[in-house]
Every structure is written in C-alpha cells, then in structure tokens.
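The structure under discussion appears below in the form of structure tokens.
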Amino acid sequence: MLRRGTRLGIPHFLLLLLLGAATGCLGLRVDRVEVPPMVVEGGEAQLECEYDVEGEQLYSVKWYKDDKEFFRFIPADTPSIQVFRLPGVNVDKSRSTNSRVVLHRVSLRSSGKYRCEVSAEAPLFNTDAGGGRLLVVYAPRSDPSISGVHRRYAVGATVRANCTASPSQPTAALTWLVNGREAEASSLLHYPPTITTEGLYTAILGLHFRTVPAHFRYGELRLRCVATVAAGHQRHTTVYVRHGQTPSHPNCGLTDSCDGAPSFHTGSQSGRLLLVCTMGSVAVMVMSLLV
C-alpha cells in the first residue's frame, strides 16, 4: 500500500497522454473511410482512408477484406508497401499509397466488407479504424425475354406472359409496363429466382390480366418488361400486339407462326422487328379468292 505523499514515479506528461488518449482528446484518429458501395464487374474500386496522427508518429496503415489482411503500409520498412494475396482482391500496387488503395479487375469474389486500420508508434500504439461494404455488380448481358404472348387479343381475352431476365448479380428487379403504365400488383405473378452454376441469379416475373377496350385505344397493346440491376443498369424488351381474335391453338405464342407473331423491340435495338409469320401468304390467298 502506498503512503500518503508517495510519488508514483510516472512522468506528468505520460499521465497527460494516457488521460488524453482515454478521453479521445489526444491521439491518432481515422477521419473518413470511403468504400464504393457498388462497382461493375471488371472495373476498378478506389478505397480511401483519411486519418490524422495528431502529432504522433505513424506506424502502419492496413487494409482488410472480411477480416483478412491484403494491404500493409509501414513507412519505416523497405519497401513500405506490402500486398498479400486474397481471392478476388487485385491491388494495383503502382497506384496505391498510404491513404488510397486501388483494386482493378474486380470480380464477384471482390464483394465483401473492407476495413482500414491505422496505428501510431510506441509508446501508446493508438489504433483507429473504419470501413464499408463493397458489392460487385454483374449486369445482365442481354435484354430480358418475353414468352407466352400472342399476336392478337380480343377484348375480354386473358393475357398470360412471363418475363425472364438475363443472369445477374444481384437479382434483377423486373417491372411490367402495359401501354406505358406500370402493371397493377394484382396482375403480377412472382416466382423465386433461379441460381446458375456461376452463382448468378435469373429473375422471372409473370403477368396475368384480362384485356378491356382501353388497352387497344391506339390500335395495339404494348407490353414492356424492364430489368434493373443496382440502379443505373437497365435493359428492356417491348412487345406489340394487335386487337383481333385470340388464337385458339394452345401452343401459339410469341415465337410461333400459327397465327403470326407480335412485333417487338429491345433496349439495345431501335425500331420494330417483325418476327417470321405466315400472315403474308394468307393475305395473298384471300385476295386471289376475291378476284
């Protein structure tokens, strides 16, 4: 037990440092860590780490992905930068510094939680950290496909169609538009996405409604399916069908020629493309009979 008046032998300045560090008044701190929330597969990601040593000497700056170290900067070492191999993490060493790490050729395996950890030198070895989550987006490689649509529909006929998105990561959000307006929720049929062997998701959304005269106000019914992946990446396909007798054959659909096929266009094409059908030959036969 210490007697009254006994000196601890600890320098006053060290006590102040310890007190300051404990209260956050002194010592190193990380001010900002910037991790892009989304990056397109094949692109690059810049990880930023801004810090203030508050008069202390910097010991190290380290970066982790999912708690595994892949980058280290120690100014006292030669070389000062070290990179450790990690699946999905490709560091551009020539463009990386103590405050910025550049990842190039990002892949789906690059997704995860990234953390920057900054430490000061002895005697306190103050450490602070910050981080964020990165999601690598695999955008659809083609426009969504529409199936089950006939060339013609009579008023009162039932439209049954499916929209299937191209594989993506994350799962594409599908939207049906009927004559430019978003389809009512009651007309949508939701299906669980399927997963490819590469870990990509294929979204499917059904559409089911009964036609009314207003659908053919401008002579044709326009059905559009829009696939959106991580806001900013969209593809779409539009189908045009006309007013008339709905084909009775159960297998007549978008790609069948038993009663012709609807015209359509996609997000990567301009104008309309008419699918091959037999309507032209039928018209010739009718004209010859009339003559």
*Please specify each residue of segment 45-86 satisfying the condition of being in a strand (DSSP E or B), without any contact (Cβ under 8 Å) to a residue 40 or more places away in the chain and charged (D, E, K, R).*
Asp52, Lys68, Glu69, Arg72
*Of all residues in segment 206-221, which are within 28 Å of the chain's Cα centre (by Cα) and closer than 12 Å to Leu177 by Cβ?*
Leu207
_Tell me whether segment 148-155 contains one or more residues that are of a type in the set (D, E, K, R) and surrounded by fewer than 18 Cβ atoms within 10 Å (Cβ to Cβ)._
no
*Filter result for the condition that a residue is at pLDDT 95 or above, charged (D, E, K, R), under 20 Å from Arg133 (Cβ atoms) and open to solvent by less than 50 Å² (accessible area, probe 1.4 Å), over Glu48, Glu34*: Glu48
*With the checklist (1) in contact with a Lys or Arg (Cβ under 6 Å, 6 or more places away or on another chain); (2) part of a strand (DSSP E or B) in hand, flag the one item Val118 doesn't pass.*
(1)
*Which ones in segment 151-185 are assigned to a strand (DSSP E or B) and of a type in the set (Gly, Ala, Ser)?*
Ala161, Ser168, Ala173
_The listed residue being closer than 30 Å to Arg100 by Cβ and either among the β-branched types (Val, Ile, Thr) or touching a Cys at 6+ places or on another chain (Cβ under 6 Å) (or both), out of Thr158, Thr202, Thr175, Thr127_ = Thr127
_From the options Val33, Val118, residue that is within 26 Å of Ala230 (Cβ to Cβ) and of a type in the set (Val, Ile, Thr)_ = Val33
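The values are calculated or read from the model by the stated rules, or taken from the named source; none is laboratory data. All of these numbers come straight from a predicted model, not from anything done at the bench. Cβ: placed from backbone, ideal geometry, glycine included. Neighbour counts: every protein chain shown. Calculation scope for accessible area: heavy atoms of the full protein, side chains included, ligands and nucleic acids excluded. Shrake-Rupley method; radii C 1.70, N 1.55, O 1.52, S 1.80 Å.
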